[in-house]
Ligand code: PEP
Ligand code: MN
């Protein structure tokens, strides 16, 4: 349940509502204060008892009581940042590579759509690292639309990732598609990726929530922000606080690109949640020519990093070749991104 106060509610009004909410919830921990469009929102976790909103609705300071809305208490407020009036951003630390996502540094993750062979991955990892990427991406397990498409190298792909990680000294992010694979994916990676198609695979969310490796949660291609934060909440609620969101484009009526990159969701997340968010300009546009423009839009809009597909020979990539940058194109983009980051007071 969410109790949304009027925009002119006083500090006293807020304190009264919080006190009543704690009585209803039965504990302080089940009540969290959030901000939405300049109004205070009091979130109350269900306690198994039927809830009567009348006593809240009776207050002049209460605009509305929303019983249906997804409650995301953990993905939501982390305390209010006095400078912005919005939830304080809490960086996700990746201790295995000494990287922090959501802080001053803009974090780039780059690599092929899928792990294809060791030589190519080694080459790509070296280029990615030299250009300033902190993590190498590449799927060993691929969620493909058609069962006849390349499905990834599976366990062999994980072994390649592990060897490349050790040889080059770069972090690794790769996808787990099922709960049973979380353990072995976590062993070779620094961040576990949950793909768009699995954003609401609840057993998978619970499993990554029960371990401590950071999780990159991609937005479902038709998920609202509330559904996305609700999915993050599953992971956080199991005890893993290390969730990074990834906007990767949504389905709209537009046909000019593979998906529609929802840049506007970045400031909307900032208003509701302290979780870091990065952008995938590759899957969202489906076209390598548009990746640079969308990468720059992402950093300007306040994203914390990028997830980009690159390959030594994009036209020979076994999956997603149209949207994949060559190493040279990636180097050029990184050169530009560094000066934009600097102008914005950030580093890469
Ligand atoms: C990926 O990044 O490897 C991927 C499959 O993307 P998405 O889940 O966003 O489609
Ligand atoms: Mn891909």
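Laid out as a table, the results:
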read-out: Subset tally (residues that are more than 21 Å from the chain's Cα centre (by Cα), crowded, with 24+ Cβ neighbours inside 10 Å and outside any helix (DSSP H, G or I)) for the stretch 109-151; value: 1
read-out: Identity of the residue in the stretch 293-307, touching a residue at least 60 places away in the same chain (Cβ under 8 Å) and not in a loop (DSSP other than H, G, I, E, B), that ends up farthest from the chain's Cα centre (by Cα); value: 299
read-out: Residues being at pLDDT 90 or above and touching a helix residue (DSSP H, G or I) at 6+ places or on another chain (Cβ under 6 Å) - total across the stretch 43-66; value: 3
read-out: Checklist (1) assigned to a strand (DSSP E or B); (2) more than 21 Å from residue 75 (Cα to Cα); (3) away from ligand 2 (no atom under 16 Å from the Cβ) applied to residue 181, failing item; value: (1)
read-out: Complete set of residues in the stretch 310-335 that are assigned to a helix (DSSP H, G or I) and under 18 Å from residue 134 (Cβ atoms); value: 327, 330, 331, 333, 334, 335
read-out: Matching option when the condition is within 12 Å of ligand 1 (Cβ to nearest atom) and farther than 20 Å from residue 217 by Cβ, among 282, 319, 257; value: 319
read-out: The stretch 237-263 - residue that is touching a residue at least 40 places away in the same chain (Cβ under 8 Å) and within 16 Å of ligand 2 (Cβ to nearest atom) and, of those, farthest from residue 280 (Cα to Cα); value: 258
read-out: Filter result for the condition that a residue is under 23 Å from residue 108 (Cβ atoms) and either within 12 Å of ligand 1 (Cβ to nearest atom) or surrounded by 24 or more Cβ atoms within 10 Å (Cβ to Cβ) (or both), over 219, 197, 165, 251; value: 219
read-out: Filter pass, residue 321 being within 13 Å of ligand 2 (Cβ to nearest atom) and more than 22 Å from residue 102 (Cα to Cα); value: yes
read-out: Flag if residue 24 is more than 14 Å from residue 62 (Cα to Cα) and either in contact with a strand residue (DSSP E or B) (Cβ under 8 Å, 6 or more places away or on another chain) or part of a helix (DSSP H, G or I) (or both); value: yes
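The values are calculated or read from the model by the stated rules, or taken from the named source; none is laboratory data. Owing to the predicted nature of the structure, the values given are computational and were not obtained by experimental measurement. In this analysis, Cβ positions are derived from the backbone assuming ideal geometry, glycine residues included, and neighbour counts consider all displayed protein chains.
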